[in-house]
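Peer 1: For reference, the structure I am asking about is given below.
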Amino acid sequence: QVQLVESGGGLVQPGGSLRLSCVASGTIISVAAMGWFRQAPGKQRELVATITSGGSTFHADSVKGRFTISRDNAKNTLYLQMISLKPEDTAVYYCNRHPPYKNYWGQGTQVTVSS
């Protein structure tokens, strides 16, 4: 069974930076389209960014120019570099296939942006 484990979240002030990591138990990151998603309290999960197996990326308008999705196939790891963080970025961040598989959701990692 595929397992995805997110890490790297934390409490940061507006304008700060974080790098999130997602480690997979298999080769899924290298062979499948992957995405970062986030969910704030009381809201639905939303797509933040995607990367295809060929390396093509997409970033939501709300994070474009501030977040960068990338991967390291040799390490089976997906990354989300986050800079210029805003309070509205506060959420639990998850990685998954894109489109997501229900059974692949992990615990996520909490990002809190507050002064």
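Let's see how each residue does on (1) within 19 Å of Gln107 (Cα to Cα); (2) charged (D, E, K, R):
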residue	(1), (2)
Ala24	yes, no
Gln39	yes, no
Gly42	yes, no
Asp61	no, yes
Ser70	no, no
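Peer 1: Looking at the stretch 78-88, can you tell me whether even one residue there is more than 15 Å from Ser25 (Cα to Cα), out of contact with any helix residue (DSSP H, G or I) (no Cβ under 7 Å at 6 or more places or on another chain), acidic (Asp, Glu) and not in a loop (DSSP other than H, G, I, E, B)?
Peer 2: yes
Peer 1: Still on this model: State whether one or more residues within the stretch 76-86 are without any contact (Cβ under 8 Å) to a residue 60 or more places away in the chain, more than 16 Å from Thr112 (Cβ to Cβ) and of a type in the set (A, V, I, L, M, F, W, C). Walk me through how you get there before you give the answer.
Peer 2: We begin by selecting, within the stretch 76-86, every residue without any contact (Cβ under 8 Å) to a residue 60 or more places away in the chain; these are 76-78.
Add one more test, that the residue is more than 16 Å from Thr112 (Cβ to Cβ), and what stays is 76-78.
If we keep only those that are of a type in the set (A, V, I, L, M, F, W, C) too, we end up with 78.
Checked against the condition, which is being without any contact (Cβ under 8 Å) to a residue 60 or more places away in the chain, more than 16 Å from Thr112 (Cβ to Cβ) and of a type in the set (A, V, I, L, M, F, W, C), the stretch 76-86 yields at least one hit.
Peer 1: Of all residues in the stretch 60-75, which are in a loop (DSSP other than H, G, I, E, B) and either among the acidic types (Asp, Glu) or at pLDDT below 95 (or both)? Outline the logic, then answer.
Peer 2: To start, the set of residues in the stretch 60-75 that are in a loop (DSSP other than H, G, I, E, B) comprises 60-66.
Once the filter is applied, which keeps residues that are in a loop (DSSP other than H, G, I, E, B) and either among the acidic types (Asp, Glu) or at pLDDT below 95 (or both), the stretch 60-75 yields only Asp61.
Peer 1: Are any residues in the stretch 76-115 more than 18 Å from Gly9 (Cβ to Cβ) and surrounded by 13 or more Cβ atoms within 10 Å (Cβ to Cβ), and if so, which ones? Walk me through how you get there before you give the answer.
Peer 2: First, the residues of the stretch 76-115 that are more than 18 Å from Gly9 (Cβ to Cβ): 76, 97-104.
Selection gives Asn76, Arg97, His98, Pro100, Tyr101, Tyr104.
Peer 1: Look at the stretch 3-43 and say how many of its residues are open to solvent by 80 Å² or more (accessible area, probe 1.4 Å) and either among the aliphatic types (A, V, I, L, M) or closer than 18 Å to Gly55 by Cβ (or both). Explain how you work it out, then say what you get.
Peer 2: First, the residues of the stretch 3-43 that are open to solvent by 80 Å² or more (accessible area, probe 1.4 Å): 3, 5, 11, 13, 19, 27, 31, 41-43.
Now drop any that are not either among the aliphatic types (A, V, I, L, M) or closer than 18 Å to Gly55 by Cβ (or both), which leaves 5, 11, 27, 31.
Adding up the residues that qualify gives 4.
Peer 1: Here's something else I'd like to know. Considering only the stretch 12-59, state which residues are under 12 Å from the mean Cα position of the chain (by Cα) and outside any strand (DSSP E or B).
Peer 2: Arg45
The values are calculated or read from the model by the stated rules, or taken from the named source; none is laboratory data. These figures come from a predicted structure and were not determined experimentally. Counting neighbours? That spans all protein chains shown, and the Cβs are built from the backbone with ideal geometry, glycine included. The area values use the complete protein model at the heavy-atom level, side chains included, leaving out ligands, DNA and RNA. Shrake-Rupley method; radii C 1.70, N 1.55, O 1.52, S 1.80 Å.
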